[in-house]
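Heads up, the thing below is written out as structure tokens.
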Amino acid sequence: MTGAAAAARRWAPPPLIASAWLRRGLALGAAIYLALALGTLRVNWRRVWEGLDRGGAFVVGFARPDFVSRWVEISEGILEGLVMTVTATAVGILISVPIGLGAARNLAPLPVYLACRGIVAASRTLQEVIVAIFFVAMFGFGPLAGVLTLSFATVGFLAKLLAEDIEDTDPAPAEAVRATGASWLQLLNYGIQPQVMPRLIGLSLYRLDINFRESAVIGIVGAGGIGATLNTAFDRYEYATAAAILMTIIAIVMTAEYGSGLIRRRVQ
Amino acid sequence: MPVREVAGVRDWQRRARGRRLLGWLGWLGGTAVVVASWQAISAHTMWTFVWDAPVQGADLASRMFPPRWAYTARLWRPLWDTLNIATLGTLAALVPAVPVAFLAARNTTPSATLIRPAALLVIVSSRSINSLIWALLLVSVIGPGVLAGIVAIALRSIGFVAKLLYEAIEEIDRAPVEAVTATGAGRGQVVSYGIVPQVLPAFAGISVFRWDINIRESTVLGLVGAGGIGLELQASVNVLAWPQVTMIFLLVLATVIVSEWVSARVRHAII
């Protein structure tokens, strides 16, 4: 190789998508989509401009949150959210365990497997808020509709991950237990449960955390929790109160995340 | 090995007595909290409504079918808006998420005592607050519409993408980074030749995953006025037009399934 040719050749890292045609096609498609999307975007820029003052007011509200003037509503809402979270997580775990067992291919026969997977898929595709609208329509306003919504959402999350974990277990202990003449329940208790328990505890704690975050949302459609108070605070432009509520939520989520991290490290 | 003697028979136990006691106390406490919580919920529930629920549910179901197919013609535009909210929101989140992730990762942050906690705080704040709540805030600040939805999705996604990306950055192989450093490369060159190629597939996967979640979330943002198909949902629920609600659900369900399929295919191709 001559020196001139070597100088003309520059090394470049290989691209993520190897096929040049696919790369160009995707880029072109993305460009066309962006042009269409931005072209059809309807934004009232004057309203946005006028709103920036309020945005400033919100930032100021964060600097000086007002916990006092709506303290009763805030504390009741947060407490209701926590109560809903605990109940819904407990109910969700109780329902998830049998469904998770049924959705594990190495434990359940095919019809049971398909039925349980169907329940999991239904729970995962339906948005919490949409489910909450239904439960509020059926059970009336209040925390019970919220508990049912969160329990339903918990099943989709927990049963799926539990089933996958059961499918990944080491078959040797299960076989050894079965060889002693154990019944199906004994097989679960001694062959499967010790293998999946640490992860089940970890996932449940994680879900507790998610359920609290979600409980703040479903209140907007009337299913209990802090959401309704937050909605009212924004509607009345009481940004200092809204900031106080958001800061409380963030603080609780951070505490829960830290606490569940500690517990998970101990059990796993 | 913990062994207990009962009537002269030595019985094997899985745990020692102290740990068993601790376990039981944990269960007792947990059960007490759950029971107390349930009683609080029960006290706030109108049980007459609950006993009525099967009747109400059947009534609702009978009102919801058949879906109003002709209504679909009015839904294409809101659906397009919903897709735009999710996609533009995700794109807008990627821009700030990348630097935040590099500032938060232990091996790339310029200062572990000052900048890393700040980056982590940004991530936690963004993650703790659901996009629907961000939308509430933004509708009240910049007015109802698609833009509020896009910004809400973006604000929620920054934390998600940055968290997963910084975890990916912390897990990279050190050898290529050292090799690039040994050639006398500058800081920027080390990042672009030593780190970026290693996390690029993860980054693409995370982005598509978040896009899929955002499609789901953007369908309900309209409930608080932030544009998209949720606006139609809110309008239909408010006037109790249940056949229209069914139609919206079918469309949302189809969109979610398609987006999940696309995301699964893309992630499968990358990883």
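Rule-based calculations on the coordinates, nothing more; no lab input. None of these values were measured; they are calculated from a predicted model. Virtual Cβ from ideal backbone geometry, glycine too; neighbours counted across all protein chains shown.
Taking the number of other C-beta atoms within 10 Å as the exposure measure, put A:Glu80, B:Glu171 in order starting with the fewest. Please report the intermediate quantities before stating the final value.
Working: A:Glu80 24, B:Glu171 12.
Ordered by Cβ neighbours within 10 Å, fewest first: B:Glu171, A:Glu80.
Could you work out, residue by residue across A:140-147, how many beta carbons of other chains sit within 10 Å of that residue's beta carbon, and then give the average as an integer? Display every interim value, and only then the final one.
Working: counts 9, 4, 6, 7, 9, 4, 1, 5.
Mean inter-chain Cβ contacts per residue within 10 Å come to 6.
Mean-square fluctuation check for chain A, GNM, Cα pairs under 10 Å: which of A:Val155, A:Val43, A:Val217 is largest?
Result: A:Val43 has the largest fluctuation of those listed.
With only alpha-carbon atoms in the gyration tensor, what are the semi-axes of the equivalent ellipsoid for region A:19-63, in Å, largest first?
Values: eigenvalues 304, 48, 4 Å².
Those come to 39, 15, 4 Å.
Can you give the charge dipole size of chain A about its Cα centre, rounded to the nearest 20 debye, using +1 on the beta carbon of Lys and Arg and -1 on the beta carbon of Asp and Glu? Provide the component values of the computation, followed by the final result.
Details: 22 positive and 18 negative charges, 218 e Å.
Using only the charged Cβ atoms, the result is roughly 1040 debye.
Under the definition of partner shielding as Cβ atoms of other protein chains within 10 Å of a residue Cβ, what is the mean value for peptide A:209-216? Don't skip to the answer; put the middle values down first.
Working: counts 1, 0, 0, 1, 5, 2, 1, 5.
Going residue by residue through A:209-216 and averaging, the value is 2.
For B:119-129, what's the mean count of beta carbons from other chains sitting within 10 Å of each residue's beta carbon?
Working: counts 0, 1, 2, 0, 0, 4, 6, 1, 5, 14, 7.
Mean partner shielding for this stretch: 4.
Which of the peptides A:227-239, B:143-155 is most tightly packed, and how do the rest follow, judged by the mean count of other Cβ atoms within 10 Å per residue?
On the way: A:227-239: 20.0, B:143-155: 25.8.
In decreasing order of mean packing, A:227-239, B:143-155 become B:143-155, A:227-239.
Could you state, as a whole-number percent, how many of the C-alpha pairs of region A:147-268 are farther apart than 22 Å?
Within region A:147-268, distances greater than 22 Å cover 53 percent of Cα pairs.
Send over the per residue convex hull volume for region B:1-45, Cα only, as a whole number of Å³.
On the way: hull volume 3.6 nm³, N = 45.
Expressed per residue, the convex hull around the Cα atoms of region B:1-45 is 81 Å³.
Using only the alpha carbons, work out the radius of gyration and Dmax of region B:74-270 in angstrom.
So, for region B:74-270, Rg and Dmax equal 19.5, 69 Å respectively.
Below 8 Å, C-alpha to C-alpha, sequence gap of six or more: please give me the relative contact order for chain A in percent. Each step should come with its number before you reach the end.
On the way: 277 pairs, mean separation 69.8, N = 268.
With pairs under 8 Å counted, the relative contact order is 26 percent.
Out of all Cα-Cα pairs in region A:179-239, roughly what percent, to the nearest whole number, are more than 19 Å apart?
Details: 1058 of 1830 pairs.
Cα-Cα pairs in region A:179-239 separated by more than 19 Å: 58 percent.
Report, in deg cm²/dmol and to the nearest 500, the calculated mean residue ellipticity at 222 nm for chain B, where each DSSP H run with n ≥ 4 adds -39500 (n - 2.57) and the sum is divided by the residue count.
Working: 11 runs with 195 residues, N = 271.
For chain B, the value works out to -24500 deg cm²/dmol.
Trypsin sites (Lys or Arg not before Pro), restricted to region A:1-105: which are DSSP loop and have at most 14 other Cβ atoms within 10 Å?
Numbers: sites: A:Arg9, A:Arg10, A:Arg23, A:Arg24, A:Arg42, A:Arg46, A:Arg47, A:Arg54, A:Arg70, A:Arg105; in loops: A:Arg9, A:Arg10, A:Arg42, A:Arg70, A:Arg105.
Those that pass, being in a loop and sparsely packed, are A:Arg9, A:Arg10, A:Arg42, A:Arg105.
Add -39500 (n - 2.57) for each DSSP H run of 4 or more in chain A, then divide by its residues: what number comes out at 222 nm, to the nearest 500 deg cm²/dmol?
Details: 11 runs with 203 residues, N = 268.
Rounded to the nearest 500, it is -26000 deg cm²/dmol.
Above 28 Å lies some portion of the pair distances; for chain A, what is it as a whole percent of all C-alpha pairs? Don't jump to the answer; show the numbers that get you there.
Numbers: 20734 of 35778 pairs.
In whole percent, the long-distance tail amounts to 58.
What is the P(r) of the protein assembly as shown, as percent of Cα-Cα pairs per 10 Å bin from 0?
Pairs per bin, as whole percents: 3, 14, 25, 26, 18, 9, 4, 1, 0, 0.
Any idea what the dipole of the protein assembly as shown comes to, in debye rounded to 20, about its Cα centre with Lys/Arg Cβ at +1 and Asp/Glu Cβ at -1?
On the way: 44 positive and 32 negative charges, 211 e Å.
I would put it at about 1020 debye.
So if I take the centroid of the Cα atoms in region B:1-56 and the same for region A:87-156, what is the distance between those two points in Å?
Taking the Cα centre of each part, region B:1-56 and region A:87-156 sit 21 Å apart.
Which is farthest toward the positive dipole end of region B:149-271 among B:Ser236, B:Thr219, B:Val258, measuring Cα position about the Cα centre, with Cβ charges +1 (Lys, Arg) and -1 (Asp, Glu)?
Positive-most Cα among the choices belongs to B:Ser236.
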